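One structure below.
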Amino acid sequence: MSLTLFDTMSRTARELRPLDGSTYRFYACGPTVYGPAHIGNFRTFVLQDLFRRLLELGGTRTKHVRNLTDVDDKTIRVSQETGQSLTDFTRHWTQLFHADCAALHCLPPHVEPSAVAHIPHQVKMIEALMAGGHAYATADGSVYFKIASFPDYGRLSRVKERELKPGASVSDDEYEKDTLGDFALWKARKPEDGPNFWPAPWGEGRPGWHLECSAMIREYLGDTFDLHSGGVDLVFPHHENEIAQSECCGGAHGFAAHWFHITHLLVDGKKMSKSLGNLYTLADLAAKGYSPEEVRYVLTAAHYRGQLNFTLDSLDGARQALGKLARAERALAERAGTSTPPAYDSLMGQEAGPFAAAWTALNHDLNTAEALGHVFTVLKAVKPETLSPADALAVWRGFHLVLAAFGIVLPPEKAEDAVPAQVQAVAEARWAARTGKDWAEADRLRGELDALGWTMKDGRENYSLSLK
RNA sequence: GGCGGGGUAGCCAAGCGGUAAGGCAGAGGUUUGCAAAACCUCCAUUGGCGGGUUCGACUCCCGCCCCCGCCUCCA
């Protein structure tokens, strides 16, 4: 089974093979750590995680590099506003980002370099670009990349000469550029930067945003590597600029061999924005009672190149769907005589068995929606009680292969809520009444429990209590 | 305006030149003292609109309408 993925550069789905023959090396643009990441950000990170899982479960080793942007206009501005040092400020948001990633069951990248920790690498790269005639310094000590020096500029986004939309804003501090398309490699120190500046041959300042990725890719993946990824909005200008910088610097006409871009999600049919009040973080959704697992399910249930319309209703649907998957998993596990889910590593190379169609769909440009369809169809057809324990085990493992690829962690069987003694006593009394077929008393006591905030469900042999 | 992604049942969302997966919701049923849960069954003659190609199109071509994204530092 080989994994094929749509490539933004060639506009075709292409099979993925490690350039070096053994390890698939890829880079993902990470978050700017100046506030909580929202579910739109996480659609990208979760899909990148799913992509990596498919590679690994399919038997390919990976090297996953994802940066942390911890110096830019926003991090500097907001840290100043909150009176924190840039380091303390970004450390705080980085920790929260990591916690969210963990909650969403995203595998941590193998390397997670930060921009601030790689200033010298960036300075060195700028020097090389200036030496090659690809960059120029301005009077204020900023340095710009000269796009005219790179004939291939625009190859990824397919626009040779971008025309500015009438009325598009051009920030004031960029007036010294030769042409509008030139972008900052180094931004000269400004008073409002406070203590956040670094020395450089052409003057104090800080690196431009695009440069950090190029510099860190070079450091950890080399001039040519397997794949680069991010949200669609990064195609232009960010990735276009990275290509320009890196190819003019490394000489290689390669950079990323494959480009993987994830489409933005919509919330209630519209773009997320604070003003519309539809910008959700994991914490926002947790406050509404939704789990990270439910969020991940919604994020992965649609194809990554389509616009996913995220709604609270879809989270409710995810809860039902996950419950259905969990019941099926338990039935299979019970028949197979096992209970502990297989370890991720143990599933690498696992046969999908009856879930082969789902596995194939996933490997065909990450068609998660089709894959889920197959999963439910198979689950409906499989009757655990008719299988031998050995067969059930094989089916169960195939099922877990697909679950592991999705990064789905099934909800546990509903844990009993801690029941207060008083409630317990009423429940016992009702159970006794019910057993004695005193329906009136049983119903009265159910009402009493209800008033106490508890719901009692009758089973054949026993009952269960849950908080309303 | 340029470039790109879409318009499929109440909602979400796939495949496919050969006659519409799947999930949620909904309806009916089994079970249950009742209830809940669970399980089973049903649920788009129709795919934004108008043409065309074809034995046959939701799927290909042409035109139009609408939605969404990017267009200089937003995943």
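The values are calculated or read from the model by the stated rules, or taken from the named source; none is laboratory data. None of the values given here were measured: they were computed from a predicted structure. Every residue, glycine among them, receives a Cβ derived from its backbone with ideal geometry; neighbour counts consider all protein chains shown. Side chains are part of the model used for accessible areas, which takes the heavy atoms of the whole protein and leaves out ligands, DNA and RNA. Shrake-Rupley method; radii C 1.70, N 1.55, O 1.52, S 1.80 Å.
Descriptive notes on the structure:
- With a requirement of 1 or more residues that are more than 36 Å from the chain's Cα centre (by Cα) and surrounded by 15 or more Cβ atoms within 10 Å (Cβ to Cβ), the helices (runs of 4 or more DSSP H) lying completely within the stretch A:357-456 that satisfy it span A:421-435, A:439-451.
- Considering only residues in the stretch A:2-30 that are among the aliphatic types (A, V, I, L, M) and within 16 Å of RNA strand B (Cβ to nearest atom), the one that is most open to solvent (accessible area, probe 1.4 Å) turns out to be A:Ala13.
- Of all positions in the stretch A:188-209, at least one carries a residue that is under 22 Å from the mean Cα position of the chain (by Cα) and under 26 Å from A:Val111 (Cα atoms).
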